1. Given the criteria out of contact with any His (no Cβ under 9 Å at 6 or more places or on another chain), farther than 16 Å from residue 143 by Cβ and either in a helix (DSSP H, G or I) or at pLDDT below 95 (or both), does residue 41 qualify?
2. Name the single residue, out of those in segment 80-93 being touching a helix residue (DSSP H, G or I) at 6+ places or on another chain (Cβ under 6 Å) and of a type outside the set (Val, Ile, Thr), that is surrounded by the fewest Cβ atoms within 10 Å (Cβ to Cβ).
3. If residue 96 meets every condition in (1) surrounded by fewer than 18 Cβ atoms within 10 Å (Cβ to Cβ); (2) under 16 Å from residue 42 (Cβ atoms); (3) of a type in the set (D, E, K, R) apart from one, which number is that one?
4. With the requirement that a residue be modelled with pLDDT under 95 and among the aromatic types (Phe, Trp, Tyr), what does segment 158-172 give you?
5. State whether the residues of segment 146-167 include one that is in contact (Cβ under 8 Å) with a residue 60 or more places away in the chain and open to solvent by 70 Å² or more (accessible area, probe 1.4 Å).
6. Can you name the residue in segment 56-85 that is farther than 22 Å from residue 17 by Cβ and not hydroxyl-bearing (Ser, Thr, Tyr) and, of all such residues, is modelled with the lowest pLDDT?
7. Search segment 1-28 for residues that are on the phi > 0 side of the Ramachandran plot and pair each with any residue that is open to solvent by less than 60 Å² (accessible area, probe 1.4 Å) and modelled with pLDDT of 95 or more when their beta-carbon atoms are under 6 Å apart and the residues are at least 6 apart or on different chains.
8. State all residues of segment 53-73 that are outside any strand (DSSP E or B) and surrounded by fewer than 21 Cβ atoms within 10 Å (Cβ to Cβ); if no residue qualifies, say none.
Amino acid sequence: MTKSKTFKICVFCGSKNGNSEMYVELASKIGEELAKRKFDVIYGGGKSGIMGSLAKAVVKNQGNLTSIIPEYFNKKNVLFKHSNKTIFTKDFSERKKIMIKSADIFLILPGGYGTLDELFEILSLNQLKVINKKIILLDINNFWNSLKILMKDLKSNGFLYTNKNIYFISSVAKSIKFIENSL
């Protein structure tokens, strides 16, 4: 399939490194691969954690990186300053709204509460048919196993309408292939 140079991938991930170097390496590798394929990468704008690793790898490999970050963080020395484009928002809600609207597909890496907040919003919007966009959870080292169990329990107890557009993928290579096949 032909790749579009304007295909936009929104990556949600942690502002911390986690307790294993594998998360940092994962973010760096996915950033490198997305940049090499000329995908536009949209992310939360931070310079720390795996979020920063992703950003550095995209820029290092001449990729197109858009940071969307609340103005609040511009004063906190949190901002990654080498993005191709930076959009400041008034708060996290506006940030999510812009990221969700801008993305063609979502890629979720390991993270904490913020990542879960972003993930659950796009899961809810897909379930309610407000959006129809694929969500890849990069499931390195079974990071998302607890979520899989929770989703199974929600479904078996009758609280989910659909699991459509949710994909748990176990490697960078398989994630990239899935994205390319989604164009």
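The values are calculated or read from the model by the stated rules, or taken from the named source; none is laboratory data. Worth saying up front: this structure is predicted, and the values here are computed from it rather than measured. Please note: Cβ atoms are built from the backbone with ideal geometry, for glycine as well, and neighbour counts cover all protein chains shown. Note: accessible area is taken over every heavy atom of the protein model, side chains too, but ligands, DNA and RNA are not part of it. Shrake-Rupley method; radii C 1.70, N 1.55, O 1.52, S 1.80 Å.
1. Values: out of contact with any His (no Cβ under 9 Å at 6 or more places or on another chain): yes; farther than 16 Å from residue 143 by Cβ: yes; either in a helix (DSSP H, G or I) or at pLDDT below 95 (or both): no.
In short, no.
2. Taking segment 80-93 as the starting set, the residues that turn out to be touching a helix residue (DSSP H, G or I) at 6+ places or on another chain (Cβ under 6 Å) are 80, 82, 88-89.
Next cut, of a type outside the set (Val, Ile, Thr) only: 80, 82, 88.
Working: 80: 22, 82: 14, 88: 16.
Among those residues, the one meeting the criterion is 82.
3. Looking at each condition in turn, residue 96 falls short on (1).
4. Correct list: 159, 161.
5. Quick first cut of segment 146-167, residues in contact (Cβ under 8 Å) with a residue 60 or more places away in the chain only: none.
No, that holds for no residue.
6. Among them, the one singled out is 75.
7. 18/110
8. Start the filter on segment 53-73 by keeping residues that are outside any strand (DSSP E or B), which leaves 53-63, 71-73.
Within segment 53-73, 56, 59, 60, 61, 62, 71, 72, 73 qualify.
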